[in-house]
Amino acid sequence: MIFTPFERMVAGRYLRARRQEGFISVISWFSLLGIGLGVATLIIVMAVMNGFRAELFERVLGLNGHMNVYAQDGRLFDYEPLLEKLRAVPGVVEAAPLVEGQTLITKDGAASGALVRGVSPESFRARPIIANHIVEGSLADFDDDKIVIGVRMAQRLGLHVGDTLTLISPTSKSTVFGTAPRMRAYPIAALFDVGMFEYDNGFVFMPLPAAQIFFRTGEGVSSLEIFVATPHAFNKIKADVVAALGGTPTRLLDWQQTNASFFTALQVERNVMFLILSLIIMVAAFNIISGLIMLVKDKGHDIAILRTMGATRGMVMRIFFLSGASIGVAGTVLGLGLGVLISGNIEHIRQIVQHITGIDPFSPEVYFLTHLPAIIDWREVGQIVAMALALSFLATLYPSWRAARLDPVEALRYE
């Protein structure tokens, strides 16, 4: 649609309302701010949801096997030949045995539950998510009976590298006085901080032989962890892994099956948030409709004069379309700039709010992560901007059509 200089001049004049038309101008400003805030809010929320999802993926997939092989019943024994077959599958980065079990941890009278994972020291040191986030101690000392715990657990129990942590096994031992819980104190080799509260507060890693002794599994393991090169596109690798397992009486679970409910809930929440926040932009678009309808009613005499001077219905329609579209475009640009600016500095803003109020608005106990992530998906931003512009343009059609259909004779008769 091409606008003449005359149409742009008249549309701009109508956007700058006179004193007696101040209410219409207020509606236009609220429409502009409504669209701006709606676009900005949608960009910020989608960026935070993207960052939240990416951070969870990185940590969950970095600490847990992308696929796990379990025995049909009980534990896996004589698994070394199976490990060799799995490591030979194209796309498999690592396959390692794992002993996993619940335990009770105690320190100076304080007790809580924890998940113990027995892993081979070589495999554990090769995981970047752990090796790059050691805040105290060294993974070189992770051997024999030494353990590695999260920094949140250490802070909660007042522990440091070199201290001991007592673990109580869920299996009991028989004594002359009856059954008694089995407990063992383990020295701490290192503390990690992966930035996910669940892991930093509730996981204990120990060498595989020590875990087998603690949980009395003998030479058996809970499962075989498989790490692949492409965890987000593993269907071909999974088929090859199934072929490598052959007729072995085992079960294979991938990370999507293990965390299905969690990531499904995350996706549903993201879609619902997009839908709800899109309504903000829609409401602002309705404000444009109401503002333009009132403007058309107020400018009836002007429209009649323009028509008697030779202005066509198309010119009148384009004038009011340009007036409404200008509000939508200005609001969208304002929201785009505000949304991108806040999304890029969301963690700094959170820290400022926490410093001023003394309240953490992003508690790690609730949101799993210890910081507020945000990743701007420019394709998604483009879709948001396109939606806002489309709604704004659609909102101007009816008032513009109504202005173009106004009969100049009728308009001048009632003046």
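The values are calculated or read from the model by the stated rules, or taken from the named source; none is laboratory data. Computed from a predicted structure; not experimentally measured. In this analysis, Cβ positions are derived from the backbone assuming ideal geometry, glycine residues included, and neighbour counts consider all displayed protein chains.
Condition first: aliphatic (A, V, I, L, M), crowded, with 16+ Cβ neighbours inside 10 Å, more than 14 Å from ALA47 (Cβ to Cβ) and at pLDDT below 80. Can you find one or more residues in the range 343-362 that meet it? So far as the range 343-362 goes, no, none of its residues is aliphatic (A, V, I, L, M), crowded, with 16+ Cβ neighbours inside 10 Å, more than 14 Å from ALA47 (Cβ to Cβ) and at pLDDT below 80.
Going by what's in this entry, would LEU208 be described as buried (at least 16 other Cβ atoms within 10 Å of the Cβ), under 30 Å from ASP78 (Cα atoms) and free of Cβ contacts under 8 Å to residues at least 60 places away in the same chain? So LEU208 fails the test. For the range 215-267, the set of residues classified as closer than 17 Å to GLU80 by Cα and at pLDDT below 85 consists of GLY246, GLY247, THR248, PRO249, listed by residue number.
Among the residues of the range 147-166, which ones are outside any loop (DSSP other than H, G, I, E, B) and either on the phi > 0 side of the Ramachandran plot or buried (at least 20 other Cβ atoms within 10 Å of the Cβ) (or both)?
First, the residues of the range 147-166 that are outside any loop (DSSP other than H, G, I, E, B): 147-157, 164-166.
Within the range 147-166, ILE147, VAL148, ILE149, GLY150, VAL151, ARG152, MET153, ALA154, LEU165 meet the criteria.
Within the range 238-261, which residues are surrounded by 11 or more Cβ atoms within 10 Å (Cβ to Cβ), assigned to a helix (DSSP H, G or I) and within 22 Å of the chain's Cα centre (by Cα)? Hits for the range 238-261 are TRP255, GLN256, THR258, ALA260. The residues of the range 219-264 that are in contact with a Lys or Arg (Cβ under 8 Å, 6 or more places away or on another chain) and within 23 Å of PHE124 (Cα to Cα), listed by number, are GLY220, VAL221, SER222, LEU252, ASP254. Taking the range 74-126 as the range and being within 30 Å of the chain's Cα centre (by Cα), crowded, with 19+ Cβ neighbours inside 10 Å and in a loop (DSSP other than H, G, I, E, B) as the test, no residue passes.
Restricting to the range 7-58, name every residue that is among the basic types (Lys, Arg), part of a helix (DSSP H, G or I) and modelled with pLDDT under 80. If the condition is that a residue be among the basic types (Lys, Arg), part of a helix (DSSP H, G or I) and modelled with pLDDT under 80, then ARG8, ARG13, ARG19 are the ones that fit.
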